[in-house]
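What follows is a set of notes on a single structure, which appears directly below.
The values are calculated or read from the model by the stated rules, or taken from the named source; none is laboratory data. Remember, it's a predicted structure, so these values are computed and weren't measured experimentally. So basically every Cβ, Gly included, is an ideal-geometry build from the backbone, and we count neighbours across all protein chains shown. Keep in mind that these areas ignore ligands, DNA and RNA; they rest on the heavy atoms of the full protein, side chains included. Shrake-Rupley method; radii C 1.70, N 1.55, O 1.52, S 1.80 Å.
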Amino acid sequence: MCGICGAIHFDGKPVARELLAGMNDLLKHRGPDGDGYFIDGNVGLAMRRLKIIDIAGSDQPLTNEDGSIALIFNGEIYNFRELRRGLESRGHRFKTEGDGETIVHLYEECGGEAVKHLRGMFALALWDARRGTLLLARDRFGQKPLYWYRDRKVFVFASELKAILAHPAVPRVSRFGGDDKLALAAYLSFGYVQAPETAFAGIRTLAPATALQVNRSGAVKELRYWEAARLAPPDTSAKAKIYVGALREQLEEAVKLRLVSDVPLGAFLSGGLDSSLIVALMRKHSNSAVKTFSIGFEGDDSFDETPHAETVARHLETEHKAFRVKPAAMSLLSELVWHHDQPFADSSAIPTYLVSKLTREQVTVALTGDGSDELFAGYERFYAAELMRKLGFAPSSLMRGAAGMLALLPEGTSYYDPVKRAGRFARAASQRLDVAYFDLVRVFDNELLAEICPGGERHPPFMNPYMNAGQPHSVARLVEANMCSYLPDDLLIKADRCSMMASLEARAPFLDHELADFAATIPFNLKLKGATTKHILKEAARGLLPDDIINRKKHGFGVPLGAWLRQDIGAARDILLSRRARERGLLDMTVVERLLREHESGARDHNRQLWALLTLEEWHRQFVDGAQIGLPSLTAPPS
């Protein structure tokens, strides 16, 4: 696991090592074990390495036999041994025992098509001196990040935005200011910045499953090399037993591939189906005891899953470590924003970072259950959407009336607070299905958005750009939309940043593209069966896990942020109502004051909205106003 960065100067100006070092130093947390540099005149590459495979060798950049190709990459290629055998049989000679050199020799044979043969998570940059081209590429689901900036004089790329900003030619301009409220409205709605845009004008995200070719003269060509398979529609005649055996085989293969490591390896274990199944398969295919890790939080027992994790750990006989931490939201705000580089409203980044940090004290690699809900329709919002589809006959006025009545009741901060959940469902159910689904996931609803972001209501964000018109089943269409929006732009951003903050490599077997291709062929009614989400996966887990774990109610990975913010409301108020926040002119501050007041009093639980505003303001302080004290400095924008 690594961090990569580099630049091409189209004006022919040489890339200085000092410039690359300044960019590279900002990625040290991604690779604390070493660094590497490559400079060819006006082209420069740099990387930081976290040693996982071939510890003594495989230092980057990696080159071919004559040195005409130089590669830096971040990630793991899980099928590298199979690919290497084929390459060696065709005459290629290897200098290392690692996975990265496989990419170099594949490129010699296939050019840019080489990425199609890679099974893994990766972001790479490959310089081809003979062709005078730089190839960037990112894995199929977007597990590893890559950003880029281009103008007439330079092309700059990096694993994280802060490293791009360290290049003096890159301006640091927020997309949230000015009269156009589209970017701000979208962030407040989704809770993250939608790719391919970023929070900075001019800097873009390289899309998952995409390669970008840049030549010395500045021409840029983008190529999509993989598309997720369309989900199979329902088939009422289909039986789960037809698919269970093949599904388990695919899962076992995905886990086995991710057990290859020359450093200590473990797994996150929440006690839910996904992580428990991964650990069960690790236990089956590992020659040594499996180390597992869970985390719990003080403040609200409804968020604490550690007892369930301990039950699974005893059943599977793992070496288990459970951590329990005190309220830490406000104390982690600055650090989380610094590492995400953008406003990011998903508060589950808090537990993800904390469990990564504590896990890193014992292992360097951890397997996770990420991606299961995307493949097997696991989120409760998919069942809610299916219920809305079946309740389509109910008058919208009835649902609006129910929502209005529920809004009069106080909201609690517990995970399963019934008033909050019922109110959200009723509000959503009064609209057509695609808009209803967005209402279930968005942070600021339309009414609140119009209040807090005057002008933002003229640009109402929707899920429409992610909807596949070729998918005939309306709820399957929502699952597909989730996979190309929330998965890469929220879940995988969080997983990457929070694990890399701790210099921990996180591997997600469910995000194996061959497993995903197979899962797409399973009829949709075997995934979402009535009120049962992930039905087929639960059947595949029978015999590996106790039934009470398999049938346990879905529980997301979160913290009692609502309760914590009520304790820290003074600190939140100081940030959100500060003079600097008021002078930005982005928000209606009377609405911000009301949200704080309602949350503090217990009338409403505004933890999601307040966290979105807190990360937005903290991002402005660090990345727009200037560097935050105690954090690495950012290069000032050109005058």
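The table for this structure:
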{"read-out": "In sequence order, calculated HN-Hα J values of segment 441-454 (Karplus, 6.51, -1.76, 1.60; Hz; x Gly/Pro)", "value": "9, 6, 8, 9, 6, 4, 5, 5, 4, 5, 6, 8, 10, x"}
{"read-out": "Protection-proxy order for peptides 561-574, 184-197, each taking the mean of Cβ atoms within 10 Å per residue, highest first", "value": "184-197, 561-574"}
{"read-out": "Accessible area per residue in Å² at 1.4 Å probe, computed on the chain", "value": "37"}
{"read-out": "Loop trypsin sites (Lys or Arg not before Pro), segment 142-191 (other Cβ atoms within 10 Å of the site Cβ: 11 or fewer; DSSP)", "value": "R152"}
{"read-out": "Carbon and sulfur %, accessible surface of segment 89-183 computed with the full protein complex present, 1.4 Å", "value": "46"}
{"read-out": "Contact order normalised by residue count of the chain, Cα under 8 Å, 6+ apart, percent", "value": "17"}
{"read-out": "For E197, residues with placed amide H under 5 Å, excluding near neighbours", "value": "T205"}
{"read-out": "Aspartates and glutamates with Cα under 15 Å of K153, excluding same-chain neighbours fewer than 8 positions away", "value": "D11"}
{"read-out": "Per principal axis, descending, Cα span of segment 157-269 in whole Å", "value": "57, 43, 36"}
{"read-out": "Bridge type composition, the chain - antiparallel percent by DSSP, nearest 5", "value": "75"}
{"read-out": "Calculated from backbone phi, Karplus (6.51, -1.76, 1.60) coupling profile of segment 17-25 in Hz, x at Gly/Pro", "value": "4, 4, 5, 4, 4, x, 5, 5, 4"}
{"read-out": "Long-range amide H partners of H320 with built H, under 5 Å", "value": "T292"}
{"read-out": "Accessible carbon and sulfur surface of segment 249-382 relative to its total accessible area, %, 1.4 Å", "value": "43"}
{"read-out": "Entry for mean projected area of the Cα convex hull in nm² (calculated from the structure that is shown) out of [x] 29.4; [y] 55.9; [z] 27.6", "value": "[z]"}
{"read-out": "For S270, distant residues with modelled amide H under 5 Å away", "value": "S275, S276"}
{"read-out": "Heavy atoms of T236 accessible to a 1.4 Å probe, total area in Å² rounded to 10", "value": "140"}
{"read-out": "All aspartates and glutamates inside 15 Å of K390 as judged from Cα atoms, apart from same-chain residues fewer than 8 positions distant", "value": "D434"}
{"read-out": "Among 245-258, 112-125, the order from most to least packed when residues are scored by Cβ within 10 Å on average", "value": "112-125, 245-258"}
{"read-out": "Lysine pairs meeting the criterion (Cα under 22 Å, 8 or more apart or interchain), as found in segment 489-583", "value": "11"}
{"read-out": "Reach of K95 by Cα under 23 Å, taken over lysines that are not fewer than 8 positions away in the same chain", "value": "K51"}
{"read-out": "The chain, helix-only ellipticity at 222 nm - DSSP H runs n ≥ 4, -39,500 (n - 2.57), divided by all residues, nearest 500", "value": "-11500 deg cm²/dmol"}
{"read-out": "J(HN,Hα) series, segment 64-71, from Karplus relation 6.51 cos²θ - 1.76 cosθ + 1.60, nearest Hz, glycine and proline x", "value": "7, 4, 9, x, 7, 10, 10, 10"}
